[in-house]
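The block underneath contains the structure these notes are about, expressed in structure tokens.
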Ligand code: SF4
């Protein structure tokens, strides 16, 4: 029974929710072998990709107040901030100094920032750094802009695109089943709105990625439902807009400095690897799956390359959200660290763009012989 199910998944059949649920009961080595076989068929078998980019969190003021978030502040807290355009520009320059050309920019939902601020920021960045692409403002922030302006995502996204937006981060996916979301973050964007805004972005040709976070205490059935919803949206986007999710990224809930500490189970490395393998087998129409070094560390991320992942994520430079909730300081990875871990795991490292086009194959020996650059101090 397991053999036939795994065979069908490897061949790329779309499994039902019940069939995906059954995958969680397959012994992990068998599941991993099938996921790795599926990965070798859907992505270059010998290559693992990575991206040089940086995260920028333009404000930490947020009125959504998710229970699992240690990053946000109210505007009355002493360490609340909104970065100036010049400060953001300096962060872009740091990225450019290590040859990166993509920023992933997100913040809290700050009701005091007017819509024009977002348009002006995009214009400022495109004006000063035209070669840098901007993936910014997750569905939650776009929903916040809908509330501020009383206008709908398709219109707003078209204007943001015109001002310089290239794509949206996939944040806010977590588990796209409202019952799970309601417990973890009652004011969080609902699953329907998350997909509605992603759909509007995909229709406009903007870049998107799909995400998942496990460890809220969700059931296997709810995880399977999440994956089936993503697969359905991908099918629609590819069919109707020829522009689906570029990748799928998943990580585990971190609760260290949050109100969920001691109240949500989180997920072990075993569960992370199991979930990644299940995702690879369930998402037959998304070729690129990322390993998550920020949540799991480099060693588990390396192992993930044999559980369905074909990508090592990105340098990030300033990851402020997962790291603060995890209580560790894994805020960035150097190219040297990424290349070393990919090569040590037995794959050829390849630098890519956000759309997973390969830009170059670094000379591994040369990269490993370099010293890691001193990263500039963060604001
Ligand atoms: S996760 Fe995002 S939306 Fe939720 S509180 Fe943190 S910054 Fe706000």
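What number of residues within the stretch 94-119 are farther than 23 Å from residue 72 by Cβ and in contact with a helix residue (DSSP H, G or I) (Cβ under 9 Å, 6 or more places away or on another chain)?
Total satisfying the criteria: 6.
Let's see how each residue does on (1) more than 25 Å from residue 101 (Cα to Cα); (2) part of a loop (DSSP other than H, G, I, E, B); (3) more than 16 Å from the ligand (Cβ to nearest atom); (4) free of Cβ contacts under 8 Å to residues at least 60 places away in the same chain:
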residue: 147; (1), (2), (3), (4): yes, no, no, yes
residue: 151; (1), (2), (3), (4): yes, yes, yes, yes
residue: 218; (1), (2), (3), (4): yes, yes, yes, yes
residue: 227; (1), (2), (3), (4): yes, no, yes, no
residue: 232; (1), (2), (3), (4): yes, no, yes, yes
residue: 238; (1), (2), (3), (4): yes, no, yes, yes
residue: 244; (1), (2), (3), (4): no, yes, yes, yes
residue: 256; (1), (2), (3), (4): yes, yes, no, no
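For the stretch 81-131, which residues satisfy the criterion of being away from the ligand (no atom under 16 Å from the Cβ), in a loop (DSSP other than H, G, I, E, B) and modelled with pLDDT of 95 or more? Walk me through it before giving the result.
Here is the first cut: in the stretch 81-131, the residues away from the ligand (no atom under 16 Å from the Cβ) are 84-103, 114-117, 119-131.
Within this subset, residues satisfying the condition of being in a loop (DSSP other than H, G, I, E, B) are 84, 98-101, 114, 129-131.
Correct list: 84, 114, 129, 130, 131.
Out of the residues in the stretch 44-80 meeting the condition of being under 23 Å from residue 360 (Cβ atoms) and in a loop (DSSP other than H, G, I, E, B), tell me which one is nearest to the ligand (Cβ to nearest atom).
Let us first name the residues in the stretch 44-80 that are under 23 Å from residue 360 (Cβ atoms), namely 44-55.
Going one step further and asking which of them are in a loop (DSSP other than H, G, I, E, B), we end up with 44-46, 52-53.
On the way: 44: 34, 45: 36, 46: 37, 52: 25, 53: 19 Å.
The qualifying residue nearest to the ligand (Cβ to nearest atom) is 53.
Are there any pairs, at least 6 apart or on different chains, whose C-beta atoms fall under 7 Å, with the first in the stretch 93-109 and under 14 Å from residue 125 (Cβ atoms) and the second more than 16 Å from the ligand (Cβ to nearest atom) and assigned to a helix (DSSP H, G or I), and if so, which?
103/92; 103/95
Could you check the stretch 170-190 and list, in sequence order, the residues that are part of a loop (DSSP other than H, G, I, E, B), within 11 Å of the ligand (Cβ to nearest atom) and buried (at least 22 other Cβ atoms within 10 Å of the Cβ)?
Result: 172, 174, 188, 189.
The values are calculated or read from the model by the stated rules, or taken from the named source; none is laboratory data. Everything quoted here is computed from the prediction, not taken from an experiment. Every residue, glycine among them, receives a Cβ derived from its backbone with ideal geometry; neighbour counts consider all protein chains shown.
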